[in-house]
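The values are calculated or read from the model by the stated rules, or taken from the named source; none is laboratory data. It should be emphasised that the depicted structure is a prediction, and the values quoted were computed from it without experimental measurement. Positions of Cβ are generated from backbone atoms using ideal geometry, with glycine treated the same way; all protein chains shown enter the neighbour counts. Surface accessibility is based on the protein's heavy atoms, side chains included, excluding ligands, DNA and RNA. Shrake-Rupley method; radii C 1.70, N 1.55, O 1.52, S 1.80 Å.
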Amino acid sequence: MAKFETQVGIVGAGPAGLMLSHLLHQQGIASIVLEAKQRSYCEERVRAGVLEHTSVEMLRDAGVAKRLNREGLRHEGIELGLGGQLHRIPFVELTGKAVTVYGQQEVVKDLISQRLSDGGDLRFECGEVSLHDLEGDCPSIRVEKEANVDIVSCDYIAGCDGFHGISRSSIPPRALTVYDRTYPFAWLGILAEAAPSREELIYMHHERGFALYSMRSPRITRLYLQCKPDEDLAEWSDDRIWSELHTRLGCSDGWRPTEGKILQKGMTGMRSFVVEPLKFGRLFLAGDAAHIVPPTGAKGMNLAFADVHYLAEALREKYRDNNDAKLDAYSATCLSRIWKAQRFSWWMTSLLHLFDDASPFDRKRQIAELEYVTSSRAAATSLAENYVGLPLD
Ligand code: APR
Ligand code: PHB
């Protein structure tokens, strides 16, 4: 059995765990990151792609935005589509802020590379992780791999291991309240080798279901179709996908998405989920381990960054001033912002999707709401300020 000691043990090398480890390093606080998967899996898994203004600032302040500054695509607005007509929501005009399209796996690559060049202790394919003595002064992480057992003793543990990780389930259920909502649809997403033929993202309301036109780079588009939650991907040939995308995204001015080789197909579930509190003894949950949003508001990765911003601040005050106030307030501080993002993600989802059980009244009300958002500066500003990211402090 090998024993290790560190100040903060971090479970999970996604955006939350890696960013936390980097922010702590900048404050002279040591951490060990334990990740179940291979480095290549973390770096290649295609997921979210929109960074709020707030997250871009955070990455810049943390000195890890060199490639983001070069390759990130700055978007000054989005388009909302209704009845084949597009209506622009001009973020910069309404809020003074923009968002940046830059894939989550690119952020992960940048953070891993920075941590390694700073001598960070990242352990990929670490083995089976379990958490111990969370309510005591010296919690530990046990890592079992084949015949080896490592014990990592720490002052604090950060559970950054995503929705399916072990951190949240290490907390006794009686200590947590779960808020959960599933939606009666999913997204079928593709990554296509096609240069974006539109400058901004299109969120399209359509009588056959919602469709989203997004992108990753000047060569790659990312597109989604609302589908059944249990949709069988095998029934979606490339031709069927393109035909449905043309039908739903086609605009009255003749614009259609440009086709290209489909590089990847996948399904994304739609769920709103929060546990409270985000703290149990010396374990702090951050990111998807604590909450999930439906992807319509593009908030997932951004919420993960906000959580670890607050956690790094709180740990800094603890180590520098021996002040527990921010650690004690961590859960409440995060939750106030998390619930606003939950509200926004739920609202964007309700605004744009086809709900099978919607009554004729509900459908008329949804159209009226879209017409309102696209015609009222006040309503568009509300959408814009939430999309670019509410302030952190
Ligand atoms: N032990 C160690 N690592 C684990 C374990 C475990 N038992 N379980 C999961 N992990 C790892 C996963 O392999 C993954 O690399 O934890 C990491 C969690 O990363 P994410 O799921 O990306 O979660 P987070 O860092 O909170 O980032 C949230 O992910 O789902 C997207 O849209 C969401 O963009 C948001 C982001
Ligand atoms: C994406 O590009 O993957 C994307 C963009 C906007 C969203 C969700 C996903 O709201």
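Quick notes on this one:
- Atom-type composition of the exposed protein surface of the chain places 47 percent of the accessible area on carbon and sulfur (1.4 angstrom probe).
- Highest-fluctuation residue, Pro196, Pro172, Pro184 considered, GNM on the chain with Cα pairs under 10 Å: Pro172
- Put the Cα centre of the range 282-336 next to the Cα centre of the range 95-150 and the gap is 15 Å.
- When Phe355, Phe284 are compared by accessible surface with a 1.4 Å probe, the order from highest to lowest is Phe355, Phe284.
- GluC sites (Glu not before Pro) within the range 100-137, DSSP loop, no more than 12 other Cβ atoms inside 10 Å: Glu125, Glu135
- Among the GluC sites (Glu not before Pro) found in the range 147-244, those both in a DSSP coil and sparsely packed, with 15 or fewer other Cβ atoms within 10 Å of their Cβ, are Glu199, Glu207.
- Ser217 accessible area, assembled protein chains, probe 1.4 Å, Å²: 30 Å²
- Modelled this way, with points 7 Å down the Cα-to-C-beta line, the labels at Arg181 and Arg67 are 3.7 nm from one another.
- Overall form of the chain per C-alpha gyration tensor (a/c, 1.5; a/b vs b/c): prolate
- Cα centroids of the range 13-71 and the range 166-232: 21 Å apart.
- Three-way shape call for the range 43-103 based on the alpha-carbon gyration tensor, with the a/c threshold at 1.5: oblate
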